[in-house]
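Down below is the structure, laid out as structure tokens.
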Amino acid sequence: MRFNLIILMALLLVTPAKSQTERPDLAFGHGEKLEFVVSYRAKLWPNTEVGDVVLTTSRERDRFTIVGHGRSRSFFRWFFDLNDTYTTVMEVSTLLPITFSERTRQNKYHFNNDLKFDWSEIVVHSTWRNVNRHTEDRHKTMPITEHSVDVISLFYRLRNTDISTLRISVPMPLEMILKDTIRTVHYRFLGREELNVSGLGRFRTLKFSCTFATSDGENFVDGSEFFIWVSDDNNRIPLQIESPIRVGSVRIRLKRHSGLRHPLDSKIK
């Protein structure tokens, strides 16, 4: 699950907005496609590209659909065959999530999870099943708040945050829904930084850190921290993500992009 979440940190981020017409600065739109490379590095293991992530955004009437697909590269599938798909549907007018689905396939491990958000009752209905161990779906309904997100909309929130309202290193809370629990996430704006992205060039970026709370929901000292660099322009696309893991570290970098809503003018000529 930890490796999954790190890969998904290459995905995207979501703050409530009024509408596309009223929000000309909205960071994404119909037809956006982002392709990422996932690499692994350890003390005795050189930096190695092990997987790919593709994110696509489409719009149909009053809804956005964002699909993230992660796949390990063919050479590594004999010992870690990852083939995961995550889908979020959001209202265009508010960017609040409506549904979320997770289909995890890792070797013989298969896991399904579906979330249905009920904003009139302020709850989320979760249905999940470990296909290898459970013959029936499991269910739970949990209370949510305006800060509650799924793992995809977590990243869209960051993309659409008004940077002028953030203070450097001051933590901002989010609540990420994972199956039968809600984990607190703190993200912090660390400032502006130039970053060289292999294969794409040098960019002006906004740097953030994100920290998961421990299982008690209060302690962030030993939670999982990762760093995100997003383009310092109106697209706010993730350019690079880094996270330490138990052995080594994972890096995710943007490889290719198309259908951006705004000029990528954060690139340094």
query = Could you count how many residues in segment 18-60 are modelled with pLDDT under 85, surrounded by fewer than 18 Cβ atoms within 10 Å (Cβ to Cβ) and farther than 23 Å from Arg253 by Cβ?
reply = 8
query = How do the pairs read when you match residues in segment 182-195 that are closer than 19 Å to Gln240 by Cβ with residues anywhere that are buried (at least 20 other Cβ atoms within 10 Å of the Cβ) and among the aromatic types (Phe, Trp, Tyr), using Cβ under 9 Å and keeping only pairs 6 or more apart or on different chains?
reply = Tyr187/Phe208; Arg188/Phe208; Phe189/Phe208; Leu190/Phe208; Glu193/Trp229; Glu194/Phe203; Leu195/Phe203; Leu195/Trp229
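To keep it simple, each residue is scored yes or no on (1) closer than 25 Å to Asn160 by Cβ; (2) in contact with an Asp or Glu (Cβ under 9 Å, 6 or more places away or on another chain); (3) of a type in the set (Asp, Glu); (4) without any contact (Cβ under 8 Å) to a residue 12 or more places away in the chain.
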residue	(1), (2), (3), (4)
Arg63	yes, yes, no, no
Val67	yes, no, no, no
Ser72	no, yes, no, no
Asn83	no, no, no, no
Tyr86	yes, yes, no, no
Thr99	yes, yes, no, no
Asn112	no, yes, no, no
Leu115	yes, yes, no, no
task = Out of the residues in segment 218-240 that are among the small types (Gly, Ala, Ser) and outside any strand (DSSP E or B), state the one that is modelled with the highest pLDDT.
result = Ser224
task = For segment 120-160, enumerate the residues that are part of a strand (DSSP E or B), polar (S, T, N, Q) and either closer than 18 Å to Val89 by Cα or in contact with a Leu (Cβ under 8 Å, 6 or more places away or on another chain) (or both).
result = Ser126, Thr127, Ser148
ask   = Which residue pairs have Cβ atoms under 7 Å apart, sit 6 or more places apart or on different chains, and have a first residue in segment 230-244 that is in contact (Cβ under 8 Å) with a residue 12 or more places away in the chain and a second that is in a loop (DSSP other than H, G, I, E, B) and of a type in the set (Gly, Ala, Ser)?
value = Ser231/Ser266; Asp232/Ser266; Asp233/Ser266; Asn234/Ala27; Asn235/Ala27; Arg236/Ala27; Pro238/Ala10; Ile241/Ala10
inquiry  = I'd like to know if segment 85-107 contains one or more residues that are modelled with pLDDT of 90 or more, within 23 Å of Glu242 (Cα to Cα), touching a Phe, Trp or Tyr at 6+ places or on another chain (Cβ under 9 Å) and of a type in the set (A, V, I, L, M).
reply    = no
Residues satisfying the stated conditions in segment 161-176, i.e. without any contact (Cβ under 8 Å) to a residue 40 or more places away in the chain and not in a loop (DSSP other than H, G, I, E, B) = Ser164, Thr165, Met172, Pro173, Leu174, Glu175, Met176
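The values are calculated or read from the model by the stated rules, or taken from the named source; none is laboratory data. Nothing here was measured: the structure is a model prediction, and the numbers come from that model. No Cβ is skipped: glycine too gets one built from the backbone with ideal geometry, and neighbour counts run over all protein chains shown.
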